[in-house]
1. Would you please list the contacts, defined by Cβ atoms under 6 Å and residues six or more apart or on different chains, that run from a residue in the range 91-110 that is over 17 Å from S51 (Cα atoms) to a residue that is at pLDDT 95 or above and basic (K, R)?
2. Which of the helices (runs of 4 or more DSSP H) contained wholly in the range 200-273 include at least 2 residues that are touching a residue at least 60 places away in the same chain (Cβ under 8 Å) and surrounded by 15 or more Cβ atoms within 10 Å (Cβ to Cβ)?
3. Test A262 against the criterion of being in contact with a helix residue (DSSP H, G or I) (Cβ under 7 Å, 6 or more places away or on another chain), of a type outside the set (K, R), over 28 Å from A28 (Cβ atoms) and not assigned by TED's automatic domain parsing to the domain that holds Q89, and give yes or no.
4. Select from the range 68-108 the residues that are over 14 Å from D145 (Cβ atoms) and of a type in the set (V, I, T) and write down the one among them that is surrounded by the fewest Cβ atoms within 10 Å (Cβ to Cβ).
5. Taking the range 132-151 as the search range and keeping residues that are aliphatic (A, V, I, L, M) and within 17 Å of D179 (Cα to Cα), which one is surrounded by the fewest Cβ atoms within 10 Å (Cβ to Cβ)?
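The values are calculated or read from the model by the stated rules, or taken from the named source; none is laboratory data. Source: prediction; values computed, not measured. Here the Cβ positions follow ideal geometry from the backbone for every residue, glycine too, while neighbour counts run over all protein chains shown.
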Amino acid sequence: MIPDPESTRASLERIGKEGLAAEGLAEAALLLASLDRPGVPLDRYREQLDSFSESARARGESSPAAALAETFAGEFGFAGDEKTYDDPQNANLIRVIDRRKGLPVALGILYIATARALGLDAGGLNFPNHFLIRVQDGGARQIIDPFNGGAVLDARDLRRLLTSFQGEQAELSQAHYRDVSDLDILLRLQNNIKLRLLRNGKLEPALRVIRDMRLLAPGLPSLMREEGLLLARKGERRAAIGCLRDFLATDNIPEPERLEVARMLQVLESQLN
């Protein structure tokens, strides 16, 4: 079956209402990817996901981390795209599977989906700048870097990675070991696409990405604010005002942020008169 954008967005909206359990992390990522690849049948990519799981399952004597690394980095040749890191294809799961390379978060989705297909407890970590996953095997917890061949990282490796992004003063904390939700992973994936579009001045495509993110997370205030600010940049004042009013109507917004948006809203409303 070849999905069309309208039915795909309806599926994403359903996930936003019902939660991810109905579709699964990789399935939702494929749906998002198909919005940029209309006309591409998804069944062959679902079959690819099954083949990754079968390969990892066949390595029954290996540890979970070794089975994942041997499957993705070994048999199927997946790797982080260091040469063209900012290529938008690296955040599109369809193209990541086609090209066998991608961003840390896109590769991480494949690792997590495969680990879960094996019955393992797996998820993404709240680690900044570079997406990592963890896999639980009984009492053992392994932290894995999908971008670098599925390497298993210890505390020393994690601190080295952290300081490479944030400077020598950075220290590991318990927050870096916390799980993030599957929704957070998908939003992080799409955020990569959005930021690259904005960097290149592509406001309309960036707006579409934000709206697709809002299908998955309709009540997330930060996305209401982002959409409103981008609409204001595009000169669509009435639509921007609606988004910013929705943002201000939500709870638990930090007061400085609320005041900043309220001032912007006042300016936009004055420009309508």
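1. V105/R188
2. Helices (runs of 4 or more DSSP H) meeting the threshold: 203-216.
3. Judged against the criteria, A262 is a match.
4. T84
5. In this case the residue turns out to be A140.
Okay, residues lined up against (1) modelled with pLDDT of 95 or more; (2) under 15 Å from L107 (Cα atoms):
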site: A10; (1), (2): yes, no
site: E13; (1), (2): yes, no
site: K17; (1), (2): no, no
site: L20; (1), (2): no, no
site: L25; (1), (2): yes, yes
site: S34; (1), (2): yes, no
site: G39; (1), (2): no, no
site: L49; (1), (2): yes, yes
site: F52; (1), (2): yes, yes
